[in-house]
Amino acid sequence: MNNQVTIPQLTARAIEIHETLLKTFGEPIWRTPLPAIDELVSTILSQNTNDVNRDRGFDSLRAKFSTWELVRDAKTDDVISAIRVAGLANQKGPRIQQVLRAITQERGSLNLDFLADLPVEEARAWLTKFNGVGPKTAAIVLCFSLNKPAFPVDTHIYRVSGRIGLRAEKMTVEHAHPHLEAVFPPETYYAAHLNLIRLGRDICNARKPLCAKCPISHLCDYKDKTK
Ligand code: SF4
């Protein structure tokens, strides 16, 4: 991204990309929304794994423990064994319990519905103060459970946004969150997030982007670097 490019110019490009992806992939639909606390745990489980194994780990955890209080108070080894299919269970198990304990300490319960009544930045700051809850996890909970204007930047969106010039190449993923929230109009966050992930998975993959098949190649300079 050229340093001279302004946010309004980037927004014009982002809208064109968003509209082209809508024409190509259609209106995407996120799975059935989960309560915020469930989405928080599911997103921690999603780290370094695919959606199928994330969901398997989540379902296995819920099958073994009927409430989040039981997960919080369980022996850590039992939580680890319940989520093993999601990968990195030795890290994710303690992390999930730590977050559940910290939320209980702060709120006295494990219900996060109160976040829906806070301004988005307050809700984001509240979530990210817990160890193990980074900007992507917070944005997923805010966007998909609480219907707040937040734009989660996962590994696909980070890569694609760099290639298509919506952010500076050296921008960190932490900085990419507020930056892309400024670039995309809030009403596009939900669909743009999901369609950019689809583009990143199916076409603009990490090792060998399929630029010849890409619906937004006319908007992307990176394709010239892959010739
Ligand atoms: S043209 Fe190539 S590099 Fe650019 S977004 Fe499409 S697949 Fe990715």
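The values are calculated or read from the model by the stated rules, or taken from the named source; none is laboratory data. Note that the structure is a prediction, hence the values are computed from the model and not measured. Please note: Cβ atoms are built from the backbone with ideal geometry, for glycine as well, and neighbour counts cover all protein chains shown.
Report, by residue number, each residue of region 112-132 that is hydrophobic (A, V, I, L, M, F, W, C), over 11 Å from Leu142 (Cα atoms) and more than 18 Å from the chain's Cα centre (by Cα). Answer for region 112-132, where residues must be hydrophobic (A, V, I, L, M, F, W, C), over 11 Å from Leu142 (Cα atoms) and more than 18 Å from the chain's Cα centre (by Cα): just Phe114.
For region 73-86, the criterion of a residue being in contact (Cβ under 8 Å) with a residue 40 or more places away in the chain and assigned by TED's automatic domain parsing to the domain that holds Ala123 is satisfied by at least one position. Hey, any hits in region 194-204 for a residue that's touching a helix residue (DSSP H, G or I) at 6+ places or on another chain (Cβ under 7 Å), assigned to a loop (DSSP other than H, G, I, E, B) and in the same structural domain as Ile17 (by TED's automatic domain parsing)? Yes, some residue in region 194-204 is touching a helix residue (DSSP H, G or I) at 6+ places or on another chain (Cβ under 7 Å), assigned to a loop (DSSP other than H, G, I, E, B) and in the same structural domain as Ile17 (by TED's automatic domain parsing).
Looking at Ala123, Ala150, which is the one that is buried (at least 21 other Cβ atoms within 10 Å of the Cβ) and either without any contact (Cβ under 8 Å) to a residue 24 or more places away in the chain or not in a helix (DSSP H, G or I) (or both)? Of the residues listed, the single one that is buried (at least 21 other Cβ atoms within 10 Å of the Cβ) and either without any contact (Cβ under 8 Å) to a residue 24 or more places away in the chain or not in a helix (DSSP H, G or I) (or both) is Ala150. In the condition set (1) in contact with a Ser or Thr (Cβ under 9 Å, 6 or more places away or on another chain); (2) loosely packed, with under 14 Cβ neighbours inside 10 Å; (3) outside any loop (DSSP other than H, G, I, E, B), Leu180 is compliant with all but (2).
Inspect all residues belonging to region 21-44 and state whether any of them is buried (at least 17 other Cβ atoms within 10 Å of the Cβ), farther than 21 Å from Glu69 by Cα and either in the same structural domain as Ala139 (by TED's automatic domain parsing) or in contact with a Pro (Cβ under 9 Å, 6 or more places away or on another chain) (or both). The answer is yes, given that some residue of region 21-44 is buried (at least 17 other Cβ atoms within 10 Å of the Cβ), farther than 21 Å from Glu69 by Cα and either in the same structural domain as Ala139 (by TED's automatic domain parsing) or in contact with a Pro (Cβ under 9 Å, 6 or more places away or on another chain) (or both). Checking each residue in region 153-170 for being within 27 Å of Gln91 (Cα to Cα), modelled with pLDDT under 95 and assigned to a loop (DSSP other than H, G, I, E, B) picks out only Asp154. Which one is surrounded by the fewest Cβ atoms within 10 Å (Cβ to Cβ), of the residues in region 183-209 that are within 9 Å of the ligand (Cβ to nearest atom) and over 16 Å from Phe25 (Cα atoms)? Here the residue is Asn205.
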